[in-house]
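The values are calculated or read from the model by the stated rules, or taken from the named source; none is laboratory data. This structure is a prediction, so every number in the text was calculated from the model and none was measured. Here the Cβ is made from the backbone with ideal geometry for all residues, glycine too, and neighbour counts use every protein chain on show. With ligands, DNA and RNA removed, areas are computed over all heavy atoms of the protein, side chains included. Shrake-Rupley method; radii C 1.70, N 1.55, O 1.52, S 1.80 Å.
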Amino acid sequence: MSVDDLRDELKRLGYLSHGIERWFALDPWKSRTFWSELLVVAAKGAALSAVFAALPVLVIMVLRNRPLGAMEVALLAVIYIAGSFAAVFGLVLMAALVIKLRPSLPIRSPRGLALFAMLVSGVMIAAEGAWWSGFRDRSSVLEIVAAVTLFVVAFVVMSLIFAAALLSFSIHETHEIPSIRRRSVRVPLIAASALILAGLFVVPFVSADGREEQAVPEQVVVVPRTGRLALVAVDGLSGELFSARPQLRSAFAVVSPLEPFLYRSSPEVWATVGTGTGPAEHRVHAVDGIVLAGSSHLVQTISDRDFLLRRFAPALHLASAQPLPPTVRRRAYVWEILAARGIPSQAVNWWTSGSSEIALTTATQEEIFGAAALERSPGPVQTAQRIDAIALTRFLRLISAEPRFTTVYLPALDIVLNRVPSDSATQLTASMQEMERLATIVGELRTRGYEIMLVGVPGPGQRGTGVLATTFALATAPVRLVDVAPTMLAFFGFPASDEMAGRSLLRGSTQPRIPSYGPRGTAVTTGHVDEEYYETLRSLGYIR
């Protein structure tokens, strides 16, 4: 068989098309035709490969951020396909020029052809694998199965595309006929079948999450109780650090370690504490997110290595970055439930807290973080301490009205120990100051007649376990984050709801549950982006 006959056979089998064999015969340094043909072929190959390369990325994003609307999925697809097109286009150009510049690399065997093609396509798959590893939480089984399947399909398709180009070059450069055989159709059929199956897995997760919201019951049976309760939430406080302060430890009757737990971010863990529900119910997952153009939904779960969504899309006005808005939380905090039912309450500096409601006075985190940023400080450690100082000042001012329930969230310890760079001496000094401040506020609350629940949660990468300390008796049992909210409700004689994953730790609490306290009554909107608040979060290490 002659070379021309072989080329005709390769064309019939789909190896040679769109003039791939023509531009390899031209001198790249003198011919404009070479470059025009190279760009056209690279664009065509990238157009086909980009769809397959973007599919696993798109599926991962849909599964992690469901439910997403059709328009949101379509815009994500456009962004990721465009990014994949540019990446594959560059890979085709570089591979072609490397082979052209190094004629000592002609491919003389099917094995060598396959290895080189897989090496080039493997670069793209490795880049996407690095993107996948940028998520801070674990992948679900469904996500792993779907993503791995689509990664394999993308790898096979891109390998075939690169192999076609490299095979034509081998024929031209060496004037030899490689040892090849007719391709089997089984591989394309298997790849297509896997793609269709993966698509069928994704479809149910695109439209809706399938959960029906429970209606708020017309009546809630309450067991009247007297007393006042204060919840002090300290981010970055481990049980070991708490126990190392005897003065603070002696103020509490019960100290219990929290069972180990996994979470993505500070807003997620504290939304779980305050609502008693898991992330699937309250839907708080991140510190910041991306709002796609024409959408009001905040995409919270994004890879730390996602250049396209974090940089490219905002630059082209296809998306905008913003801190987590209050409206993203779909379940009420315990103090919101109490305030709506006549229990005077107040809350200071909590994640995703909005404007005040009936019988509820709030000092929002955006307000307090913004006030701390306005006051000049030498660095982020001092800014973090100023946040706690401002929060406690507002807190003491508000409890002068003697609400029955009061709560404050203190993030400085976590920021100092886990989020901003500082030397060990600075960390030690700042943490001691925060612990002294905490002991002071606990003493003040006891003086004013409040029972106290103190919850401490170690920050990301911090050693130790969480801690729950109370000034009143609790049932002896393993303690979880989701037990805090039902316990606070039981303190005031209110039942927990079926949505709450935990149970009351209060002794003698046998009140039956109600179906639900209903969804949080807020419109699904992202609101105005406060750039100053966003930049403060970034400077304090919450946003990378």
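Mind checking which residues of the stretch 57-76 are open to solvent by less than 50 Å² (accessible area, probe 1.4 Å) and in a loop (DSSP other than H, G, I, E, B)?
Asn65, Pro67, Leu68, Gly69
Considering the stretch 332-359 alone, what residues qualify as being in contact with a strand residue (DSSP E or B) (Cβ under 7 Å, 6 or more places away or on another chain) and in a helix (DSSP H, G or I)?
If the condition is that a residue be in contact with a strand residue (DSSP E or B) (Cβ under 7 Å, 6 or more places away or on another chain) and in a helix (DSSP H, G or I), then Trp335, Glu336, Leu338, Ala339 are the ones that fit.
Suppose we keep only residues that are polar (S, T, N, Q) and under 19 Å from Val255 (Cβ atoms) within the stretch 441-468. Which one would you say is most open to solvent (accessible area, probe 1.4 Å)?
Thr465
Do any residues in the stretch 314-338 that are in contact (Cβ under 8 Å) with a residue 40 or more places away in the chain have Cβ atoms under 6 Å from those of residues that are hydrophobic (A, V, I, L, M, F, W, C) and open to solvent by 20 Å² or more (accessible area, probe 1.4 Å), where the two are at least six apart or on different chains, and which pairs are they?
Leu318/Ala293; Gln322/Val529
Residues that are under 17 Å from Leu537 (Cβ atoms) and open to solvent by 20 Å² or more (accessible area, probe 1.4 Å): does the stretch 259-274 have at least one?
Yes: the stretch 259-274 contains one or more residues that are under 17 Å from Leu537 (Cβ atoms) and open to solvent by 20 Å² or more (accessible area, probe 1.4 Å).
When the residues of the stretch 104-143 are filtered to those that are open to solvent by 70 Å² or more (accessible area, probe 1.4 Å), under 21 Å from Glu268 (Cβ atoms) and out of contact with any Ser or Thr (no Cβ under 9 Å at 6 or more places or on another chain), which remaining residue is modelled with the highest pLDDT?
So, considering only residues that are open to solvent by 70 Å² or more (accessible area, probe 1.4 Å), under 21 Å from Glu268 (Cβ atoms) and out of contact with any Ser or Thr (no Cβ under 9 Å at 6 or more places or on another chain), the one modelled with the highest pLDDT is Val141.
Can you tell me which residues in the stretch 294-327 are of a type in the set (A, V, I, L, M, F, W, C), under 18 Å from Met61 (Cα atoms) and in a helix (DSSP H, G or I)?
Phe307, Leu308, Leu309, Phe312, Ala313 - these are the residues of the stretch 294-327 that are of a type in the set (A, V, I, L, M, F, W, C), under 18 Å from Met61 (Cα atoms) and in a helix (DSSP H, G or I).
Can you run down the residue pairs with Cβ atoms below 8 Å, 6 or more apart or on separate chains, where the first is in the stretch 390-404 and among the β-branched types (Val, Ile, Thr) and the partner is part of a loop (DSSP other than H, G, I, E, B)?
Close Cβ pairs satisfying both conditions: Ile399/Arg448; Ile399/Tyr450.
Could you go through the stretch 368-384 and let me know if any residue there is over 25 Å from the mean Cα position of the chain (by Cα) and under 21 Å from Met453 (Cα atoms).
No, there is no match, as no residue in the stretch 368-384 is over 25 Å from the mean Cα position of the chain (by Cα) and under 21 Å from Met453 (Cα atoms).
For the stretch 40-56, check the following and say yes or no: at least one residue is open to solvent by less than 50 Å² (accessible area, probe 1.4 Å), modelled with pLDDT of 80 or more and not in a helix (DSSP H, G or I).
Within the stretch 40-56, not a single residue is open to solvent by less than 50 Å² (accessible area, probe 1.4 Å), modelled with pLDDT of 80 or more and not in a helix (DSSP H, G or I).
Scan the stretch 282-320 for residues that are surrounded by fewer than 19 Cβ atoms within 10 Å (Cβ to Cβ) and either of a type in the set (A, V, I, L, M, F, W, C) or under 15 Å from Tyr333 (Cα atoms) (or both) and jot them down.
Residues satisfying the conditions are Ala293, Phe307, Phe312, Ala315, Leu316.
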